[in-house]
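The structure appears right after this line, and notes come after that.
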Amino acid sequence: MALQFAYSTINWGTKADLAAMFDEIRAAGWHAVELFDHPLDWLGSLERLRELLGGLRVGTSFGGLDVPLSAESIMIHKQRIEYAGRMGATMYGLVGGARLRQRSPTSEEHANLAAACEELAVFGADWGVTVAYHPHTGCTIETEDEIDLLLSQTQQMKLCLDASHIALVGEDPAAHIHKYRERLGYVHVKDWARGKFVELGGGTLGIDFPAFFRALEEIGFDSWVVVENSRSDVSPATSAGVNAAYLRQLGYSVGGVS
């Protein structure tokens, strides 16, 4: 089976110099991007963004949310989903809300998140965009049990599973791929070492990325594998190159389907 990779713009910030950012991503060899939480007024018109992309494909888009979600927040995400669909993106990821240290999320918070995700998923379908919630440490949905609860309260919403966040709660990323194959929208990959996110292959959690990719191949996964370097000790451009080189060492191409 082939895997299709994209690179997240998260490392450059939500209000980055778009032309310079896309130049650096292309120079590292990537052919597609995930637009990470950029305001629509920053991205500008579809025509302007296509010109700045310079041949890069927008595979996915991503946004954060707070719980409880307001009607205004849902409308903002709908506008972003429509924009993503017009750009040709096939996936829209959601992450949130912030998890309070002193207590677990309530049933009301779970229900609010589920209802909002499902409303956005139904809306996204009209634009050819699959909406996928991203379980994430420090957010409303962290663990396998909480993923199961969210899925039981939704039908059309999919998942954006992240290898590092699954490992950070002590669970098996490859096993999650198999368990949630019917509800899997797309995936994120990044690494973790000594309290911070790092480039692929530099982690200390012991994430078996080859096994994770094999699991995707075993289920016939044909969506996006997004490499997300949330931060960098060097530069975003350098990290983009390091991550591309790691995947090439495993036999994958970041310049197209491999």
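The values are calculated or read from the model by the stated rules, or taken from the named source; none is laboratory data. Predicted model only: the values in this text are computed from it and were never measured. Cβ sites come from the backbone with ideal geometry, for glycine too, and all protein chains shown count toward neighbours.
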Those residues that are among the basic types (Lys, Arg) and modelled with pLDDT of 95 or more, I need them from the range 209-237; list them, please. Arg214
Neighbours by Cβ (under 9 Å, 6+ apart or cross-chain): first from the range 68-80, under 24 Å from Ser45 (Cβ atoms); second at pLDDT below 95 and in a loop (DSSP other than H, G, I, E, B): Ser73/Asp66; His77/Leu69
Residues that are surrounded by fewer than 15 Cβ atoms within 10 Å (Cβ to Cβ) and in contact with a Ser or Thr (Cβ under 9 Å, 6 or more places away or on another chain), drawn from the range 226-242: Arg231, Asp233
Somewhere in the range 44-59, is a residue surrounded by fewer than 15 Cβ atoms within 10 Å (Cβ to Cβ) and aliphatic (A, V, I, L, M)? yes
Looking only at the range 169-192, and only at residues there that are aliphatic (A, V, I, L, M) and modelled with pLDDT of 95 or more, the one that is nearest to Ala240 (Cα to Cα): Val189
Checked the range 65-115 for anything assigned to a strand (DSSP E or B), of a type in the set (Gly, Ala, Ser) and within 23 Å of Leu49 (Cβ to Cβ); matches are Gly93
Of the residues in the range 200-225 that are assigned to a loop (DSSP other than H, G, I, E, B) and under 16 Å from the mean Cα position of the chain (by Cα), the one that is surrounded by the most Cβ atoms within 10 Å (Cβ to Cβ) is Leu200
Name the pairs whose Cβ atoms lie under 8 Å apart, with the first residue in the range 187-205 and closer than 12 Å to Ile166 by Cβ, the second of a type in the set (Ser, Thr, Tyr) and surrounded by fewer than 19 Cβ atoms within 10 Å (Cβ to Cβ), and 6 or more positions between them or separate chains? Lys190/Ser230; Trp192/Thr204
Of the residues in the range 30-62, how many are acidic (Asp, Glu) and in a strand (DSSP E or B)? 1
Looking only at the range 1-43, filter to residues that are in contact with a strand residue (DSSP E or B) (Cβ under 7 Å, 6 or more places away or on another chain) and acidic (Asp, Glu); which one of those is surrounded by the most Cβ atoms within 10 Å (Cβ to Cβ)? Glu34
Any residue that is under 25 Å from Gly88 (Cβ atoms) and among the polar types (S, T, N, Q) - is there at least one of those in the range 207-224? yes
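This table checks each residue for (1) surrounded by fewer than 14 Cβ atoms within 10 Å (Cβ to Cβ); (2) closer than 20 Å to His188 by Cα.
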{"residue": "Pro68", "(1), (2)": "no, no"}
{"residue": "Ile76", "(1), (2)": "no, no"}
{"residue": "Gly88", "(1), (2)": "yes, yes"}
{"residue": "Gly96", "(1), (2)": "no, yes"}
{"residue": "Pro105", "(1), (2)": "no, no"}
{"residue": "Glu108", "(1), (2)": "yes, no"}
